[in-house]
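K.L.:
Below: one structure in structure tokens.
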Amino acid sequence: MAEPQISKTYPVKPKHKPKPRTPKQTAESKYWSSFKTKQIPDLISSITSLTFSPTTPHSFAAAHSASLTLYNPQNKFSPTATISSFRDVVSSASFRCDGLLIAASDLSGLVQVFDVKTRTPLRKLRSHTRPARFVKYPVADKLHLVSGGDDAIVKYWDVSGETPIRDLLGHKDYVRCGDCSPVSADMFITGSYDHTVKLWDVRVKDSGSVMEVNHGKPVEDVIFLPSGGLIATAGGDSVKIWDLMGGGKMVYSMESHNKTVTSICVGKLGKDVGEEAQQYRILSVALDGYMKVFDYAKMKVTHSMRFPAPLMSVGFSPDCLTSVIGTSNGTIYAGRRKNKEDFEGGSDEELERPLSKYERRQKKLKALSSGDAGGLGPVEEPQVRVLKPTNFRYFHRGQGEKPSEGEYLVMRPRKVKLGEHDKLLKKFRHKEALVSVLGSKNPENAVAVMEELVARKKLLKCVSNLDTEELGLLLMFLQKHSTVPSYSGLLMGLTKKVLEMRAEDVRASDDLKGHIRNLKRSVEEEIRIQQSLQEIQGIISPLLRITGRR
């Protein structure tokens, strides 16, 4: 006759665990969260403009007060230069396509062109009679500039001659923003406080706009999307996408911000593989302190971040490694993401981490193989001998030895650790198992034991056999945890059964009466809380319905 096999015993766990309230982080959220944010404080006033250089290392310029500061993202965002030759607050800046020159406008109406390396002003363009609000270099055009200001005039400049080639008229209020087409150096768009966005073409002889769309609110920012056929406009609490190829038809309106959207830009997922690889997104910031990432292919917000101050400007580097956000209190939140070159060459974060013994050895071997050792020429990397089963050292390898390709790894089974209540349940000592977890600090174990006793149909029998002191422990546990939502389904029913079965014992003991009073008080408090929540829900639900209709 074969010997009976004893099944394995596992620790009891609660069946009804509380579900997390926060949704599971998506792959795209993990991507945007991988930008390690660093604060650049004390820039005196609000950051009105952030723009990236199109050439490596993709430095960015921040306009604050009457200064323009350039930062290097690859050197811990250290400032490389500061341009201070402005008479008024700097409103906008734009790099030329080769990254050698930068144009900036200020509230005095002056537009200046600077050499990035020497910081010397090369050209001063004077024509705006009111504050100049934006300046932009056309794509792949080194000789012209586009600017606009509070005089409601858009100017197309000849930089070398310091003269405006054409004054483009049509806006009826302040011109606050503009952008140049990524597919044509002769086309650009401008946004104004007259609620309109106009498309201009300098090849058209008259000074009128080619196309016009109405955003519905004062326009704070406009951008061309990478295809060149779509534009995005920001004004009020909404960001709208328009199809220029379709005659200026509105494609979608995103209204996820609660306050005025101040700036938008185009960001790109820098993943090499995956479903979201090399896809473009719209990044928007607003006075409510939120930065939103909008996928205009799926027409939904895919990520959101909260900052402690109103946001004024946003920028994203062409290499998808740096994102910067400017606030109204003079702080820049600059985020940097690691890439493969950072790991190989030693990024800032990687250099701060202490290297292991294996990494130090590999670094020395790499240095010897690539450089000169004592002037004797390059040294070849020594061959590491591969251990084989015929070698004695093969059988004396340590636990830190990593398995090579093709080897079968034998895992040692882990011993299951049982708690005191699990051991008592294994011996079918049900009452002792229940009493042992009632006094513990972990309510999950107590609920798990109760659920196991319910499955074995022994819980009520254990409750009937408890003495006065043990019954007090049970009532104290029910008073603390019976109103917890994840446990109330089991404990409320158990409380009712305990009061029915042990009513006489409760009347005979003053201690048990005190526990019953505490239990009644906690239940009444929970009822009051639920009633208050219902009143709040009644107030909020009409507001949510109104918001859903918008």
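The values are calculated or read from the model by the stated rules, or taken from the named source; none is laboratory data. Since this is a predicted model, take the numbers as computed values, not measurements. For neighbour counting, all protein chains shown are included, and Cβ atoms are generated from backbone atoms with ideal geometry for every residue, glycine included. Surface accessibility is based on the protein's heavy atoms, side chains included, excluding ligands, DNA and RNA. Shrake-Rupley method; radii C 1.70, N 1.55, O 1.52, S 1.80 Å.
K.L.:
Could you list all residues from the stretch 397-450 that are polar (S, T, N, Q) and in contact (Cβ under 8 Å) with a residue 60 or more places away in the chain?
P.N.:
Listed by number, the list holds a single entry, ASN445.
K.L.:
Then there is this: Which members of the stretch 13-35 meet the condition of being more than 16 Å from MET305 (Cβ to Cβ) and either modelled with pLDDT under 80 or open to solvent by less than 40 Å² (accessible area, probe 1.4 Å) (or both)?
P.N.:
LYS13, PRO14, LYS15, HIS16, LYS17, PRO18, LYS19, PRO20, ARG21, LYS24
K.L.:
Within the stretch 64-73, how many residues turn out to be within 24 Å of the chain's Cα centre (by Cα) and touching a residue at least 40 places away in the same chain (Cβ under 8 Å)?
P.N.:
Number satisfying all stated conditions: 2.
K.L.:
Identify all residues within the stretch 181-192 that are under 11 Å from VAL146 (Cα atoms) and surrounded by 24 or more Cβ atoms within 10 Å (Cβ to Cβ); write none if there are none.
P.N.:
Result: PHE188, ILE189, THR190.
K.L.:
Of all residues in the stretch 89-104 being of a type outside the set (A, V, I, L, M) and outside any strand (DSSP E or B), which is surrounded by the fewest Cβ atoms within 10 Å (Cβ to Cβ)?
P.N.:
Restricting to residues being of a type outside the set (A, V, I, L, M) and outside any strand (DSSP E or B), the top hit is ASP98.
K.L.:
Residue by residue through the stretch 499-550, note down the ones that are outside any helix (DSSP H, G or I) and of a type outside the set (D, E, K, R).
P.N.:
Result: SER509, single match.
K.L.:
Follow-up question, since we're still on this one. Restrict the check to the stretch 267-274 and report whether at least one residue is β-branched (Val, Ile, Thr), out of contact with any helix residue (DSSP H, G or I) (no Cβ under 6 Å at 6 or more places or on another chain) and more than 18 Å from GLY191 (Cα to Cα).
P.N.:
Checking the stretch 267-274: at least one residue is β-branched (Val, Ile, Thr), out of contact with any helix residue (DSSP H, G or I) (no Cβ under 6 Å at 6 or more places or on another chain) and more than 18 Å from GLY191 (Cα to Cα).
K.L.:
Give the residue, chosen from LYS198, LYS124, LYS155, that is in contact (Cβ under 8 Å) with a residue 24 or more places away in the chain, closer than 18 Å to SER94 by Cα and surrounded by 17 or more Cβ atoms within 10 Å (Cβ to Cβ).
P.N.:
That would be LYS155, the only listed residue that is in contact (Cβ under 8 Å) with a residue 24 or more places away in the chain, closer than 18 Å to SER94 by Cα and surrounded by 17 or more Cβ atoms within 10 Å (Cβ to Cβ).
K.L.:
Here's a follow-up. If a residue must be open to solvent by 30 Å² or more (accessible area, probe 1.4 Å) and of a type in the set (A, V, I, L, M), how many such residues does the stretch 206-221 contain?
P.N.:
So the answer is 2.
K.L.:
With the requirement that a residue be in a strand (DSSP E or B), under 22 Å from ARG123 (Cβ atoms) and of a type in the set (A, V, I, L, M, F, W, C), what does the stretch 162-185 give you?
P.N.:
Those that are in a strand (DSSP E or B), under 22 Å from ARG123 (Cβ atoms) and of a type in the set (A, V, I, L, M, F, W, C): ILE165, LEU168, VAL175, CYS180.
K.L.:
Show the residue pairs meeting these rules: Cβ distance below 7 Å; 6+ apart or different chains; first residue within the stretch 476-501 and free of Cβ contacts under 8 Å to residues at least 60 places away in the same chain and closer than 18 Å to GLU524 by Cα; second residue assigned to a helix (DSSP H, G or I) and among the polar types (S, T, N, Q).
P.N.:
Qualifying pairs under 7 Å: LEU478/THR495; GLN479/ASN518; GLN479/SER522; SER482/SER488; SER482/THR495; THR483/SER522.
K.L.:
Something else now. Working only within the stretch 516-540, note down all residues that are under 30 Å from THR468 (Cβ atoms), open to solvent by less than 90 Å² (accessible area, probe 1.4 Å) and not β-branched (Val, Ile, Thr).
P.N.:
Within the stretch 516-540, ASN518, LEU519, SER522, GLU524, GLU525, GLU526 meet the criteria.
K.L.:
Now for a separate question. Look through the stretch 222-256, keep the residues that are within 30 Å of LYS338 (Cα to Cα) and open to solvent by 20 Å² or more (accessible area, probe 1.4 Å), and return whichever of them is farthest from the chain's Cα centre (by Cα).
P.N.:
Filtering the stretch 222-256 for residues that are within 30 Å of LYS338 (Cα to Cα) and open to solvent by 20 Å² or more (accessible area, probe 1.4 Å), the one farthest from the chain's Cα centre (by Cα) comes out as SER227.
K.L.:
Might you check whether a residue that is open to solvent by 40 Å² or more (accessible area, probe 1.4 Å), of a type in the set (A, V, I, L, M, F, W, C) and farther than 20 Å from VAL285 by Cβ occurs anywhere in the stretch 161-177?
P.N.:
Yes, because at least one residue in the stretch 161-177 is open to solvent by 40 Å² or more (accessible area, probe 1.4 Å), of a type in the set (A, V, I, L, M, F, W, C) and farther than 20 Å from VAL285 by Cβ.
K.L.:
Suppose we keep only residues that are over 14 Å from VAL314 (Cβ atoms) and surrounded by fewer than 19 Cβ atoms within 10 Å (Cβ to Cβ) within the stretch 36-50. Which one would you say is nearest to the chain's Cα centre (by Cα)?
P.N.:
My answer is LYS36.
Conditions tested, residue by residue: (1) more than 20 Å from ASP422 (Cβ to Cβ); (2) surrounded by fewer than 18 Cβ atoms within 10 Å (Cβ to Cβ); (3) of a type in the set (D, E, K, R).
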site	(1), (2), (3)
ALA448	no, no, no
GLU451	no, yes, yes
CYS462	no, no, no
MET476	yes, yes, no
MET501	yes, yes, no
GLY514	yes, yes, no
PRO542	yes, yes, no
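K.L.:
Here's a follow-up. Considering only residues of the stretch 132-153 that are basic (Lys, Arg) and within 34 Å of the chain's Cα centre (by Cα), which is farthest from ALA103 (Cα to Cα)?
P.N.:
The selected residue is ARG133.
K.L.:
Another question about this same structure. When ASP141 is evaluated against the numbered criteria (1) open to solvent by 40 Å² or more (accessible area, probe 1.4 Å); (2) at pLDDT below 90, which criterion, by number, is the only one it fails?
P.N.:
Against the list (1) open to solvent by 40 Å² or more (accessible area, probe 1.4 Å); (2) at pLDDT below 90, ASP141 comes up short only on (1).
K.L.:
TYR487 fails exactly one of the following numbered conditions: (1) of a type outside the set (D, E, K, R); (2) within 18 Å of GLY514 (Cβ to Cβ); (3) assigned to a helix (DSSP H, G or I). What is the number of that condition?
P.N.:
Condition (2) is where TYR487 drops out.
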